[in-house]
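Let me begin by presenting the structure, written as structure tokens, before commenting on it.
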Amino acid sequence: MASQVEKQAQPFTDIFNEDEAEKSFLLSKPTCLIVLGKPGSGKKTLARKLAQIWKCIFIEASEVIELNIHEETEYGLKCQELLFKGQSISEELVTEMILKKIESPEVAHFGYVLSGFPSLSEEYMTISQQIEKIKNLKLKPDFLINIKCSDYDLCQRISGQRQHPDSGQVYQRNQWDPNVIEKHKKEKDQHEEENEEEEEQEEEETAEDPIMTSEFLHQLVQRPEDILENAEERVGMYKNIMLRPLEDLMAEQDCQYLIEVDGNQQPDDLFLVTSDTNYLCHYCCFNKQDELFRVLSSCKRIAHRYQWRRSRWGQACPVALKEGDIVMGNPDLAVSFLGKIYVLSSPEALKTFLLNPRPYLLPPMPLPPCKVLVFGPPFSGRTTLCNLIAQKYKGKV
């Protein structure tokens, strides 16, 4: 009996103790975020706004270089020397500065928002090595924010960017193109009766904006990387060498801390201001993940403190994808296999998946289906062309 009493005895903890609360905060890990996405999708802009709102340290290649040069550190002097010689700063030096910044005392207190790492350049480290560096950081990222945008929309937006050579400020097409500006004005005029006061304020602001002057418009130039062909090449390179490793990284992340945002929205629209001092991060979750979390929250986890993990399939049905169709799954038909979530689209698909999930999960799945229709007059070579396409891309005729 004495031994049982001794086991039941627990030291009393005062949850309202100020010293304990202070100690708990000082020992806690600061919030760390990484913003991912295609080149030109707005990672840097969104990361800077997140850093401002959450009072984190913004870490990005150009930002780190400028800071080291300004503070005249050892790295900064090396960068200055290279720039004076007309040489580019090596990828190795940039990576060292980024990792050094992540290990700095201010980051250990405030946390960080990292953008542009891993980078497309494999001059110093491969994509896999860069991702491994992220996984082995002392301050691992708590949140992964993935900006999703279609290739066409992204390339059109990048090709519409113009830069002012004196200030270095980059302007979108809706800020400098007179036709687009006039179109937006007409749309505003249609809602003039509903929001008269707001319209007057916006008209005053645009009237004072120097970008409306013709002299300013003639000074804007297009950067080489914003040319449509170059933008398409960068996006294609991202999909070829970086997309798959990043999907693996996101698949390992607890899906409650994986945020996917709509890249077609303005960065300001991704934040809902509730008051002068309070901000809520308003994100557009593709695949309705909130509903999925609601259903899974009532399910028993595999083991104590075992986290649900997102699979590469997202909320797409694996069975439908194997058959060549992209069908979003029903959260009520979600199952867990090897610690990852798979969402099926119908009871029949669920039954089939439970019998044997291997055919739907083994490589090359998840392979996005692509359906091609070849038509033309008789004897024009339709069958031959179909067979060649099927042979090249391993499809069915």
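Return yes when residue 76 is in a helix (DSSP H, G or I) and assigned by the TED database to the domain that holds residue 32 and no when it is not.
Considered against the rule, which asks whether it is in a helix (DSSP H, G or I) and assigned by the TED database to the domain that holds residue 32, residue 76 comes out as yes.
Give the residues of region 344-381 that are open to solvent by less than 100 Å² (accessible area, probe 1.4 Å) and in a helix (DSSP H, G or I), sorted by residue number.
Passing the criteria: 347, 349, 350, 352, 353, 359, 360, 361.
Taking the residues in region 337-351 that are more than 17 Å from residue 366 (Cα to Cα) and at pLDDT below 90 as candidates, determine which candidate is farthest from the chain's Cα centre (by Cα).
That would be 351.
Residues 83, 36: which one is in contact with a strand residue (DSSP E or B) (Cβ under 6 Å, 6 or more places away or on another chain) and either more than 27 Å from residue 135 (Cβ to Cβ) or crowded, with 21+ Cβ neighbours inside 10 Å (or both)?
Criteria check complete, one pass: 36.
For a quick check of your reading of the model, give me the residue pairs whose first member lies in region 165-191 and is hydrophobic (A, V, I, L, M, F, W, C), whose second is modelled with pLDDT of 75 or more, with beta-carbon atoms closer than 6 Å and at least 6 apart or on different chains.
Filtered contacts from region 165-191: 170/161; 170/163; 176/162; 176/220; 180/173; 180/174.
For region 332-343, which residues satisfy the criterion of being surrounded by fewer than 18 Cβ atoms within 10 Å (Cβ to Cβ) and among the β-branched types (Val, Ile, Thr)?
Passing the criteria: only 335.
Considering only region 46-79, state which residues are in contact with a Pro (Cβ under 6 Å, 6 or more places away or on another chain) and surrounded by fewer than 17 Cβ atoms within 10 Å (Cβ to Cβ).
Across region 46-79, there are no qualifying residues.
Let's see how each residue does on (1) open to solvent by 60 Å² or more (accessible area, probe 1.4 Å); (2) part of a helix (DSSP H, G or I); (3) at pLDDT 85 or above; (4) of a type outside the set (Lys, Arg):
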residue: 217; (1), (2), (3), (4): no, yes, no, yes
residue: 229; (1), (2), (3), (4): yes, yes, yes, yes
residue: 234; (1), (2), (3), (4): yes, yes, yes, no
residue: 237; (1), (2), (3), (4): yes, yes, yes, yes
residue: 240; (1), (2), (3), (4): yes, yes, yes, yes
residue: 246; (1), (2), (3), (4): no, yes, yes, yes
residue: 250; (1), (2), (3), (4): no, yes, yes, yes
residue: 256; (1), (2), (3), (4): yes, yes, no, yes
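Find the residue count for region 382-397, including only residues that are open to solvent by 100 Å² or more (accessible area, probe 1.4 Å) and in a loop (DSSP other than H, G, I, E, B).
Residues in region 382-397 being open to solvent by 100 Å² or more (accessible area, probe 1.4 Å) and in a loop (DSSP other than H, G, I, E, B): 3 in total.
Residue 104 passes all but one of (1) within 17 Å of residue 75 (Cβ to Cβ); (2) open to solvent by 20 Å² or more (accessible area, probe 1.4 Å); which number fails?
(2)
Just give me the residues in region 316-348 being in contact (Cβ under 8 Å) with a residue 24 or more places away in the chain and in contact with a Pro (Cβ under 8 Å, 6 or more places away or on another chain), in sequence order.
Those that are in contact (Cβ under 8 Å) with a residue 24 or more places away in the chain and in contact with a Pro (Cβ under 8 Å, 6 or more places away or on another chain): 316, 318, 321, 322, 324, 325, 326, 337, 342, 343, 344.
The values are calculated or read from the model by the stated rules, or taken from the named source; none is laboratory data. For clarity, every value in this text was computed on a predicted model and none was experimentally measured. When we count neighbours, we look across all protein chains shown, and the Cβ atoms used for this are built from the backbone with ideal geometry, even at glycine. Note: accessible area is taken over every heavy atom of the protein model, side chains too, but ligands, DNA and RNA are not part of it. Shrake-Rupley method; radii C 1.70, N 1.55, O 1.52, S 1.80 Å.
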